[in-house]
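Asker: Quick one: the structure is below, and I'll ask about it shortly.
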Amino acid sequence: MEKARSVDLFDPRRHHAARAPLARLSRNPRTRDRRMKLCTFRHRQKTDIGLIDPGAGRVWPIGHAVPEIGDDMISLIRRYDEIKDRLQGAGAGLALGEVKLLAPVQRLLRNILCVGKNYREHAKEFAASGADATGKLGSEIPEDPIIFTKASNALRGPDDDVPLHAELTKQLDYEAELAVIIGKGGRRIKKSAAMSHVFGYTMANDITARDLQLKHRQWFLGKSLDGACPMGPYIATADELDGSALDIRCWINDELRQDANTRDLIFDIPTLIETISLGMTLEPGDIISTGTPAGVGIGFKPPKFLKSGDVMRVEVQGLGKLINTVR
């Protein structure tokens, strides 16, 4: 699979007027690199959803064109098959420098579904760190998916600051992840049909307080601090991106810490969807964050935990950059 070219969404050289009079989601594989993505943004104190062309550095508002969905991405996801041909943006659109990109899904229906220890090398480094209350040396690799959740208060968008929470934790850590967005809901979804339930993909940074994670013997509190889940910058729909083989990387202050590919997942996306939906109905707009590869802060000797001023940059092939600063 050809690697997607990394594009800086905020490069001012790209903020030129678009030549095309109409922007829309493309279904032509020959124009794969120029396909529109979906985003949520704020412009002049108003929130809207839009089509975004990262290469051109522009966004086209579409909420006004489909008034029944307004600025709600989940409404768009629910009605996508019905309205997709109306998802068009006229004119030159807006330069990305004029808008503030937000987390693509703003009004979460419930907690973010997450997967623990889903890359072999990360499972090993986590077990060796002494911070894993769920396993022990010799049994590092889980036999079944480990599912937990992050509360919705953790959600943040691109370029938002991530609180250090210095009064609560001395071990704040990062985790670059591919996030799957459910399009068609269902229960007891078979692996063979699971991908038909995927709407698209975005990126997440599963910020974690390791000391709280260990102290409470389960992961919810250590994973759900305010601002502990940056997400974005946009959604690529499943018809344009194959989530099974994407490069995933994370830099801290320009030091490459994580470098892997989603083909290394222990439990792939269909397995995760089948497992979660066995007794729980998945709904359109649900988000499954699929796990992080090796290279997290606690895996180093000595550990490299986050400090105030650290800049985190997550990249997943085809999904741009997710940049956040710890404050």
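Taken together, the values in this text are just the output of simple stated rules run on the coordinates, not laboratory data. Since we're looking at a predicted model, the values are computed, not measured. All Cβ positions, glycine included, derive from the backbone under ideal geometry; neighbour counts span all protein chains shown.
Asker: Go through 232, 75, 112 and say which Cα lies farthest out towards the positive end of the charge dipole of the chain; charges sit on Cβ, +1 for Lys and Arg, -1 for Asp and Glu.
Answerer: The Cα lying farthest towards the positive end belongs to 75.
Asker: Loop sites only, by DSSP: take the GluC sites (Glu not before Pro) in the chain that have at most 16 other C-beta atoms within 10 Å and name the longest stretch containing none of them.
Answerer: Longest run free of exposed loop sites: 168-327.
Asker: OK, next. At what distance in angstrom do the alpha carbon centres of the stretch 256-311 and the stretch 126-199 lie from each other?
Answerer: So the two Cα centres are separated by 5 Å.
Asker: Between residue 168 and residue 226, what is the spin-label point distance in nm, taking each point 7 Å from the Cα along the Cα→C-beta axis?
Answerer: 0.9 nm
Asker: Spelling out what I want: for every residue of the stretch 105-120, take phi, set θ = phi - 60°, compute 6.51 cos²θ - 1.76 cosθ + 1.60 (Karplus), and round to whole Hz; glycine and proline get x.
Answerer: 10, 8, 9, 4, 6, 6, 4, 6, 7, 10, 10, x, 6, 10, 10, 4
Asker: Given 97, 180, 273, which one lies farthest toward the positive end of the charge dipole of the chain, if we put +1 on the Cβ of every Lys and Arg and -1 on the Cβ of every Asp and Glu?
Answerer: 97
Asker: Using +1 at the Cβ of each Lys and Arg and -1 at the Cβ of each Asp and Glu in the chain, identify which of 52, 241, 252 lies farthest towards the dipole's positive end.
Answerer: So the residue we want is 52.
Asker: For Cα extents along the principal axes in Å, the listed values are (i) 59, 44, 35; (ii) 64, 51, 36; (iii) 72, 45, 41; which was obtained by calculation from the structure presented?
Answerer: (i)
Asker: Could you sort out which of 124/190; 46/150; 215/321 sit more than 31 Å apart by Cα distance in this structure? Don't jump to the answer; show the numbers that get you there.
Answerer: Details: 124/190 29 Å; 46/150 27 Å; 215/321 33 Å.
Pairs exceeding the cut-off: 215/321.
Asker: Hey, what do the phi angles of the stretch 206-222 turn into as Karplus ³J(HN,Hα) couplings, whole Hz, using 6.51/-1.76/1.60 and θ = phi - 60°, x for Gly and Pro?
Answerer: 7, 4, 9, 8, 5, 5, 6, 4, 6, 4, 8, 6, 8, 9, 4, 5, x
Asker: Determine the dipole magnitude for the chain: charges of +1 sit on the beta-carbon of Lys and Arg, -1 on that of Asp and Glu, nothing else is charged, the reference point is the Cα centre, and the result goes in debye to the nearest 20.
Answerer: The dipole magnitude comes to about 440 debye.
Asker: Skipping prolines and chain starts, which residues have an amide H placed within reach, meaning under 5 Å, of the one on residue 117, given they are 5 or more residues away or on another chain?
Answerer: 292
Asker: For residue 227, enumerate residues with amide H under 5 Å from its amide H, sequence gap 5+ or separate chain, H modeled in the peptide plane.
Answerer: When sequence neighbours closer than 5 places are left aside, the close amide H contacts are 154, 155.
Asker: Also: Within a Cβ distance under 14 Å of residue 304, other residues only, what is the Lys/Arg minus Asp/Glu net charge?
Answerer: Details: positive: 170, 210, 257, 301, 307; negative: 125, 173, 175, 254, 255, 310.
That sum, taken over residues with Cβ under 14 Å, equals -1.
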